Amino acid sequence: MPDDSDNKPDHLRGTSQLTVEAVLAVVDIVEAMHRTISTFGGLLAGGQLDRTTGLTGMVYRNIRAVTNLVGAGIDVALEEFAERLNESGPTSANESLLAAVNGVLGDYLVATDNPLAIPMEFRQDGRAVSADDAKLHAAVRKAGGRVLLMVHGSSSNDLQWLRKGHDHGQALAEELGYVPIYLRYNSGRHISENGADLAALLDGFTAELPELTELSILAHSMGGLVARSACHYAEEAGHAWRERLRNLVFLATPHHGALLERSGNWLHQILQISAYSAPISRLAKIRSAGVTDLRYGNLVHEDWRDCERFELSTDCRQPVPLPKGVACYAVAATTAATSTYVTDHVVGDGLVQLDSALGRHEDPKYDLGLDEAHQFVARRCSHLDVLCKPEVYEVLGNWLTSRKPA
């Protein structure tokens, strides 16, 4: 079980800060709706749709004032309970909740210096691991220099590779002789930001771990995009670890985006059409930069800079090919037993459609060109069940044993 009890007060302080800000945001939305309705859709608002006036306005102002006072008081109270809080150990449920909050609001947590923001780090058994760990050096030497890096998906964490009693990373390590290392990161940040940071983190890590001669990456969902982005920035910077990368395996990765995020973008636009529903459209903006990057599968900074990420947009990504000299593989999943247009192109695994997961695109500049032998479709399988399906594990073992570049 991970041991970050020293961070407990910070986590609770961050939670209190986030709670206060969430209450204030909801009050703003409710007051805006109140104002819109009471002025007949804004016709009598005199250009002011956000705030009410008179007695009603005073009520809303008092709510905000009390909320801010409560928020300030929590920080003081936390100091008194710090010792007691340190005695209570973390749980996997707390870790999962923290990962989910980062997935939805991670960019906001960073922007507001909220201690709930997850820092990027390598981990083993739920604890941070560094390249100066003598046991790690010994393990990598024993494995012949072979390391398997596991990169989780959106709103997830390193512990959630364990699903229904099975962990692909641990099982592959035991069977094929790898040393498994797990990445933990804030999935609410832009994918390109996480990719650039991962490239730099690997550069320093491998420089201090010369025993590491062969790196393979197994990435789930958004994690596959982060891994591709890291390869791109490593090549730009000339990082040495890029030459040690042998295998890159994608599990249900939305290479060309996810239909669900594109639908969320449309919902946001539709809600803004009416003055009555416009305040509710703010709720559709409770989507992190990482989530909106999943609309088309953004990989580099240029894909989102100078863009309003909540506005309707077309696919204008910079084409980023798969890394050369690396054996790349893709697993896609569908909840259906047989192939139909709806199950493959709309439903997919519940989040990612088959073409996106397999890197196929009608525009040649975006098509990843994966060989059919490097593709696998798991049927009757959900987006998360690719993490524990026996047939998926079997094909992963075959791919990592063959080690033939695409």
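The values are calculated or read from the model by the stated rules, or taken from the named source; none is laboratory data. Every value quoted in this text rests on a predicted model; they were computed, and no experiment measured them. Every residue, glycine among them, receives a Cβ derived from its backbone with ideal geometry; neighbour counts consider all protein chains shown. Accessible surface is based on the protein model in full, side chains and every heavy atom, while ligands, DNA and RNA are left aside. Shrake-Rupley method; radii C 1.70, N 1.55, O 1.52, S 1.80 Å.
For a quick check of your reading of the model, give me the residue pairs whose first member lies in the stretch 103-132 and is on the phi > 0 side of the Ramachandran plot, whose second is open to solvent by less than 40 Å² (accessible area, probe 1.4 Å), with beta-carbon atoms closer than 6 Å and at least 6 apart or on different chains.
GLY126/PRO2
Is it fair to say GLY223 is under 20 Å from TRP399 (Cβ atoms), within 11 Å of the chain's Cα centre (by Cα), in contact (Cβ under 8 Å) with a residue 40 or more places away in the chain and open to solvent by less than 10 Å² (accessible area, probe 1.4 Å)?
yes
Check whether at least one residue in the stretch 352-371 is under 20 Å from LYS164 (Cα atoms) and surrounded by 14 or more Cβ atoms within 10 Å (Cβ to Cβ), and report yes or no.
No - not one qualifying residue is present in the stretch 352-371.
Please state which of the following conditions ASP107 fails to meet, knowing it meets all the rest: (1) under 27 Å from HIS239 (Cα atoms); (2) surrounded by fewer than 18 Cβ atoms within 10 Å (Cβ to Cβ); (3) at pLDDT below 95.
Against the list (1) under 27 Å from HIS239 (Cα atoms); (2) surrounded by fewer than 18 Cβ atoms within 10 Å (Cβ to Cβ); (3) at pLDDT below 95, ASP107 comes up short only on (2).
Among the numbered criteria (1) part of a helix (DSSP H, G or I); (2) in contact with a helix residue (DSSP H, G or I) (Cβ under 9 Å, 6 or more places away or on another chain), which one does HIS361 miss?
Among (1) part of a helix (DSSP H, G or I); (2) in contact with a helix residue (DSSP H, G or I) (Cβ under 9 Å, 6 or more places away or on another chain), HIS361 violates only (1).
Whether any residue in the stretch 315-324 is more than 20 Å from VAL110 (Cα to Cα), modelled with pLDDT of 75 or more, assigned to a loop (DSSP other than H, G, I, E, B) and more than 22 Å from the chain's Cα centre (by Cα) is what I want to check.
Checked the stretch 315-324: at least one residue is more than 20 Å from VAL110 (Cα to Cα), modelled with pLDDT of 75 or more, assigned to a loop (DSSP other than H, G, I, E, B) and more than 22 Å from the chain's Cα centre (by Cα).
Looking at (1) farther than 22 Å from GLY169 by Cα; (2) open to solvent by 10 Å² or more (accessible area, probe 1.4 Å); (3) modelled with pLDDT of 95 or more; (4) not aromatic (Phe, Trp, Tyr), find the lone condition where GLU214 falls short.
(1) is the only condition that GLU214 fails.
Test of understanding: among VAL395, VAL347, which residue is among the β-branched types (Val, Ile, Thr) and touching a residue at least 24 places away in the same chain (Cβ under 8 Å)?
VAL395
For the stretch 160-209, enumerate the residues that are closer than 17 Å to ASN94 by Cα, open to solvent by 20 Å² or more (accessible area, probe 1.4 Å) and under 14 Å from the mean Cα position of the chain (by Cα).
Residue satisfying the conditions is GLN160 alone.
Out of GLU214, GLU243, GLU208, GLU235, I need the residue that is among the acidic types (Asp, Glu) and touching a Pro at 6+ places or on another chain (Cβ under 9 Å). Which one?
Result: GLU235 is the single residue among GLU214, GLU243, GLU208, GLU235 that is among the acidic types (Asp, Glu) and touching a Pro at 6+ places or on another chain (Cβ under 9 Å).
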